[in-house]
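Written below as structure tokens is the structure these notes are about.
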Amino acid sequence: MKKAISAIGAVFLLLVSSHGGEAGRITGTVRGKWVEKYQVVVFVQNAPSRKAELLAERPVMNQKDKTFVPQLLPVVVGTSVEFKNSDPFKHNMFSPDGERYNLGTWVGEKGRSYTFTRPGVYRQLCNIHPEMLAYIVVLETPYFALTDKEGNFEIAGVPSGKYLLRIWGEKLTKEQLARTFNVVVEEGAPVSIEIDLLR
Ligand SMILES: [Cu+2]
């Protein structure tokens, strides 16, 4: 019995120390008719930067079955995205938005990469298949998250402070895109927020 108690004590200590002095967490739910099918990116507008840690990540935008995967890719400015083609036929990769890029047309898994240096929403298109469309959202903040099929999201590792949350999604109206949500983040106490887009 004594052994069991000390084991529980050790687990408890571990949980406490993994939170201690670190950062806060923002969890929440976006409510909208289409959240099951269309993801929303939730991001902290005015948070301090920690770009360097994130730029090592290289997210992938793939093409499979004439569909871009993922359909919505949020990245922090400065990130290099790897573009791939998993189909056995040619695709093209271009965007008419922001910096504008055209990575060319190719077949085969060998990827090409592009580094985003300007924030904004980039439509990802293929000039061979006009029905193909995805979005790359280049953010000035590293603190962002995508909603799941229930509209839930979690942004981890946010330093304590008062922030404004914003949202982006292809189904959002201009008014919804302009909305901001106040949050106060404290260490070790996750803050929860509900974003109602049904109204
Ligand atoms: Cu294509």
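Taken together, the values in this text are just the output of simple stated rules run on the coordinates, not laboratory data. What you see is a predicted model, and the numbers here were worked out from it, not measured in a lab. All Cβ positions, even for glycine, are placed from backbone atoms using ideal geometry, and neighbour counts span all protein chains on display.
I need to check one value: relative contact order of the chain, counting alpha carbon pairs closer than 8 Å and at least 6 residues apart, in percent. Walk me through the intermediate numbers first.
On the way: 448 pairs, mean separation 66.8, N = 199.
Answer for the chain is 34 percent.
Please name whichever of VAL184, ALA156, GLY169 sits farthest to the positive end of the charge dipole of region 154-199, dipole taken about the Cα centre and charges placed at Cβ: Lys and Arg +1, Asp and Glu -1.
Final value for the positive-end residue is GLY169.
Please list log₁₀ I(q)/I(0) at q = 0.14 Å⁻¹ for region 88-160, using the Debye equation with identical point scatterers on the alpha-carbon positions.
Calculated log10 I(q)/I(0) at the listed q: -0.61.
What number does the chain give for Rg over Rh if you use C-alpha atoms and the Kirkwood radius?
Values: Rg = 19.8 Å, Rh = 18.7 Å.
Value, to two decimals: 1.06.
Compute the length gained on full extension between ALA156 and VAL184: take 0.36 nm times their separation in residues and subtract their Cα-Cα distance, giving the result in nm to one decimal.
Working it through step by step, the gained length comes to 8.7 nm.
Could you put SER95, SER80 in order, starting from the residue whose Cβ has the fewest other Cβ atoms within 10 Å?
Working: SER95 21, SER80 14.
Ascending number of Cβ neighbours within 10 Å: SER80, SER95.
Quick one: order MET132, MET93, MET61 by neighbouring beta-carbon count within 10 Å, fewest to most.
Numbers: MET132 17, MET93 25, MET61 21.
Fewest-to-most ranking of MET132, MET93, MET61: MET132, MET61, MET93.
Among the listed pairs LYS84/LYS174; LYS37/LYS66; LYS33/LYS162; LYS64/LYS174, which are separated by more than 22 Å between their Cα atoms? Could the numbers behind the result be given before it?
On the way: LYS84/LYS174 32 Å; LYS37/LYS66 18 Å; LYS33/LYS162 29 Å; LYS64/LYS174 31 Å.
The pairs that break the limit, which is 22 Å between Cα atoms, are LYS84/LYS174; LYS33/LYS162; LYS64/LYS174.
Could you tell me which residue out of VAL44, PHE94, PHE68 lies farthest along the dipole of region 23-196 toward its positive end? Charges go on the beta carbon: Lys and Arg +1, Asp and Glu -1, centred on the Cα centre.
PHE94
Indicate, rounded to the nearest 5 percent, the antiparallel portion of the DSSP beta bridges found entirely in region 23-196.
75 percent
Could you tell me how far the Cα centroid of region 140-179 sits from the Cα centroid of region 29-51, in Å?
The two parts, judged by their Cα centres, are 3 Å apart.
Among SER80, ILE26, THR105, whose Cα projects farthest towards the positive end of the dipole of region 25-107, with charges put on the beta-carbon of Lys, Arg (+1) and Asp, Glu (-1)?
Comparing the listed Cα positions along the dipole, ILE26 ranks first.
I'd like the orientation of helix 2-19 relative to the chain: the angle between its Cα long axis and the longest Cα principal axis, in ° from 0 to 90, rounded to 10.
The angle comes out at about 50 degrees.
So if I place +1 on the C-beta of Lys and Arg and -1 on the C-beta of Asp and Glu, and nothing else carries charge, what would the dipole magnitude of region 23-196 be about its Cα centre? I want it in debye, nearest 20. If you can, show how the numbers build up before the last one.
Working: 22 positive and 20 negative charges, 89 e Å.
For region 23-196, the charge dipole is close to 420 debye.
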